[in-house]
1. Starting from residues that are of a type in the set (Asp, Glu) and in contact with a Leu (Cβ under 9 Å, 6 or more places away or on another chain), keep the ones in segment 275-305 and report whichever is nearest to CYS251 (Cα to Cα).
2. Considering each of LEU258, LEU169 in turn, give the residue that is among the aliphatic types (A, V, I, L, M) and either under 18 Å from the mean Cα position of the chain (by Cα) or closer than 30 Å to ASP103 by Cβ (or both).
3. Are there any strands (runs of 3 or more DSSP E) wholly within segment 201-318 with 3 or more residues that are of a type in the set (A, V, I, L, M), and if so which?
4. Among (1) surrounded by fewer than 20 Cβ atoms within 10 Å (Cβ to Cβ); (2) modelled with pLDDT of 95 or more, which single condition is ALA242 missing?
5. Got a number for residues in segment 175-200 being part of a loop (DSSP other than H, G, I, E, B), touching a strand residue (DSSP E or B) at 6+ places or on another chain (Cβ under 9 Å) and surrounded by fewer than 22 Cβ atoms within 10 Å (Cβ to Cβ)?
6. Consider segment 205-233. How many of its residues are under 21 Å from ALA180 (Cβ atoms) and buried (at least 20 other Cβ atoms within 10 Å of the Cβ)?
7. I'd like to know if segment 278-287 contains one or more residues that are among the acidic types (Asp, Glu) and in contact with a Pro (Cβ under 8 Å, 6 or more places away or on another chain).
Amino acid sequence: MPDSTLAPIAQPAQPLRLGTRASPLAMAQAHEARALLCAAHGWDLEAVEIVPVTASGDKVLDRPLAEIGGKALWTKELDGWLYEGEIDFAVHSAKDVETIRPDWLTIAAVLPREDVRDCLVGAPSIEALPQGARLGTSAPRRAAQMLHLRPDIKIVPFRGNVATRLGKLAAGEAEATLLAMAGLNRLGQSDVGTPLPADSWLPAPGQGAIAIECRTDDASTRALLSAINCADSQTALLAERALLAALGGNCHSSIAALTTRQNGEWWLKASLFSPDGQDRVDGQTSFAAGDPAAPANLAGTLLAKAPPSITSQFQPVA
């Protein structure tokens, strides 16, 4: 949980500016972050101003993300505002944040992680999907993971926010789609489908986590945000990002990961898939909080036993 032992800090004379994408889910995450920060310091909500921006990734919806610039399209506008000092900090879905970030940016807080599972919408289970059904998704991980289990499934591209994708499903563009339970919960739509067990259908690295970034040299904002950092969520997220960094993956790479804590010990489980889902490699490791070595070693182990159909998607760090 966030650190509640810090002494309260006086409400700022001028509101702090919290940057966020303008999508409904991003705005819900921004309101969650503002509420937690203000509660932690005993401030009125007016102490934090939410500043929305329409991200490039929200403007172009007819092509896969990997074809138009990758995850940077979710962050570049907010990065620019932070760099110019137009906002004080920014809130992101952690799975949308590029693995390699500029040194001048810091993830200063990770909020308590939501449900990490994917939700299947359109059928009660993967087995119940009709033969040859169309699955709407533009996520390589979801497509490959589904094709591994159901090679008969046809993948059709779905991009856009939750409402857009549900609308495409209702319009008959596909028989089913997959959405993150975390987003559905934050939007109050947790009943639209069936959650898939995370231990058998692994989620995306960072799924369900909210990351808050600020300028590395902004010591005062970093100190304020430390009050709402959830240490366990941060440990899990940093391990998954260390795995990603060592794999050298990109938006085309099919990577699934799950971090758990069992009897006080941290475990990271990961799977890599070929784009067509035919090939899959799995591995897991225990790791110590704050130590990226074990996740990086897991990346090396996975790539060492993976066939070319998988390794061709990665450019591991030497």
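The values are calculated or read from the model by the stated rules, or taken from the named source; none is laboratory data. All values derive from a computational prediction rather than experimental measurement. Positions of Cβ are backbone-derived with ideal geometry, glycine not excepted, and every protein chain shown enters the neighbour counts.
1. In this case the residue turns out to be ASP276.
2. Selected residue: LEU258, the only one of LEU258, LEU169 that is among the aliphatic types (A, V, I, L, M) and either under 18 Å from the mean Cα position of the chain (by Cα) or closer than 30 Å to ASP103 by Cβ (or both).
3. Per the criteria, 210-215, 254-262, 265-273.
4. Condition not satisfied by ALA242: (1).
5. 7
6. Within segment 205-233, residues that are under 21 Å from ALA180 (Cβ atoms) and buried (at least 20 other Cβ atoms within 10 Å of the Cβ) number 11.
7. yes
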